[in-house]
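Worksheet: one structure, shown below.
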Amino acid sequence: MIERASMQYTTSIKKMMSWQKEMKALGLTIGFVPTMGFLHEGHLKLIEEAKKSSDCVAVSIFVNPTQFGPGEDFEAYPRRLDADIRLATEAGADIVFCPEVKEMYPVDGGIRIVPGKLAKKMCGASRPGHFDGVLKVVLKLVNIVQPDTVFFGMKDAQQLAIIETFFRDFNCPATIVRVPTVRDEDGLAKSSRNVNLSTDEREDAPIIFETLKHAEVLVQEGVTKEAVEKFVSDTLDNKTSGKVDYVSLLTYPDLEAPTETSNDLIIACAVQFTKARLIDNIIFKREG
Ligand code: PAF
């Protein structure tokens, strides 16, 4: 890891690219942590993992408008740029890339990346076009930063599966590292959106993870997909004030309906609270 006396950040694509070229010319490997900011311990864990395996670490902070649909929370998405730059730097980032929207999207050439069947389920079914926007910005960021390794959190398991498939299918040279979800003590998955929960909603929210853990036990006991999904959906409907968006028991990372021989599974859900849509999942192996 390079020692740097002071933090560095840039809003410029050109400067970001000069930095990565400089690092590469020095023969250093780059670990990259793309984020939308409002950093929490989950992001800090990604930076920590990047530091362990890379000579230098770049973090991006960009609330990407192309992955938000009409009526979604683009405007309300929490932002805190100065504090984020400080947090990322203290966690070990060597550079923070925080472009403005007009820097990333000066013109709209109309080209979309369409992720296909993996994006038709779960969040993709409720948020049409969301993963097109994610892939577009991830490709742009990776072209700008040109990392050796990119770090993604497993809370966004569908996003991760889609990006891994995209990198594989398009021979993107960077390696992806999956980093486990970081949770509060009561089990709630860390998310920038948690700040938009009311006090009562925050009290209810740990029920999501508790219910998913219970669902995993039901799967291990041989309960059917339909019954497990109904159990999670009914429990969340009854025990939280949120509205269940979806509950899916699927194979992971292929996101297909499990057969009797499918062992790698995900149980995932999304719950819409007043101002925050929370997602969570457990990825596990079927025993026996
Ligand atoms: O996971 C996120 O924070 C975003 O979807 C990402 C990958 C930074 C793209 O905007």
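With the requirement that a residue be surrounded by fewer than 23 Cβ atoms within 10 Å (Cβ to Cβ) and assigned to a loop (DSSP other than H, G, I, E, B), what does the range 125-174 give you?
If the condition is that a residue be surrounded by fewer than 23 Cβ atoms within 10 Å (Cβ to Cβ) and assigned to a loop (DSSP other than H, G, I, E, B), then 127, 128, 129, 146, 148, 170, 171, 172, 173, 174 are the ones that fit.
Output the residue which, of all residues in the range 264-288 that are at pLDDT 95 or above and in a loop (DSSP other than H, G, I, E, B), is most open to solvent (accessible area, probe 1.4 Å).
275
Among the candidates 183, 193, which residue alone is within 13 Å of the ligand (Cβ to nearest atom) and either of a type in the set (D, E, K, R) or surrounded by fewer than 19 Cβ atoms within 10 Å (Cβ to Cβ) (or both)?
After applying the criteria, what remains is 193.
May I ask you to list the residues in the range 16-37 that are in a loop (DSSP other than H, G, I, E, B) and more than 13 Å from the chain's Cα centre (by Cα)?
26, 27, 28, 29
Name the pairs whose Cβ atoms lie under 6 Å apart, with the first residue in the range 199-215 and over 15 Å from residue 279 (Cα atoms), the second modelled with pLDDT under 95 and not in a helix (DSSP H, G or I), and 6 or more positions between them or separate chains?
none
Mind listing whichever residues of the range 118-134 are in contact (Cβ under 8 Å) with a residue 12 or more places away in the chain and among the charged types (D, E, K, R)?
Answer for the range 118-134, where residues must be in contact (Cβ under 8 Å) with a residue 12 or more places away in the chain and among the charged types (D, E, K, R): 121, 127, 132.
Taking the options 212, 255, name whichever one is under 24 Å from residue 119 (Cα atoms), under 20 Å from the mean Cα position of the chain (by Cα) and not in a helix (DSSP H, G or I).
One residue alone meets the criteria, 255.
Which of (1) more than 18 Å from the chain's Cα centre (by Cα); (2) under 22 Å from residue 12 (Cα atoms); (3) open to solvent by 20 Å² or more (accessible area, probe 1.4 Å) is the odd one out, the single condition residue 94 does not satisfy?
The failed condition is (3).
Condition check: under 19 Å from residue 251 (Cα atoms) and either within 16 Å of the ligand (Cβ to nearest atom) or more than 15 Å from the chain's Cα centre (by Cα) (or both). Does residue 129 satisfy that?
Against the criterion (under 19 Å from residue 251 (Cα atoms) and either within 16 Å of the ligand (Cβ to nearest atom) or more than 15 Å from the chain's Cα centre (by Cα) (or both)), residue 129 does not qualify.
Test residue 115 against the criterion of being open to solvent by 20 Å² or more (accessible area, probe 1.4 Å) and either in contact with a helix residue (DSSP H, G or I) (Cβ under 7 Å, 6 or more places away or on another chain) or within 15 Å of the ligand (Cβ to nearest atom) (or both), and give yes or no.
It is true that residue 115 is open to solvent by 20 Å² or more (accessible area, probe 1.4 Å) and either in contact with a helix residue (DSSP H, G or I) (Cβ under 7 Å, 6 or more places away or on another chain) or within 15 Å of the ligand (Cβ to nearest atom) (or both).
The values are calculated or read from the model by the stated rules, or taken from the named source; none is laboratory data. Only a predicted model underlies this, so the values are computations on that prediction, with no experimental measurement involved. Cβ sites come from the backbone with ideal geometry, for glycine too, and all protein chains shown count toward neighbours. Keep in mind that these areas ignore ligands, DNA and RNA; they rest on the heavy atoms of the full protein, side chains included. Shrake-Rupley method; radii C 1.70, N 1.55, O 1.52, S 1.80 Å.
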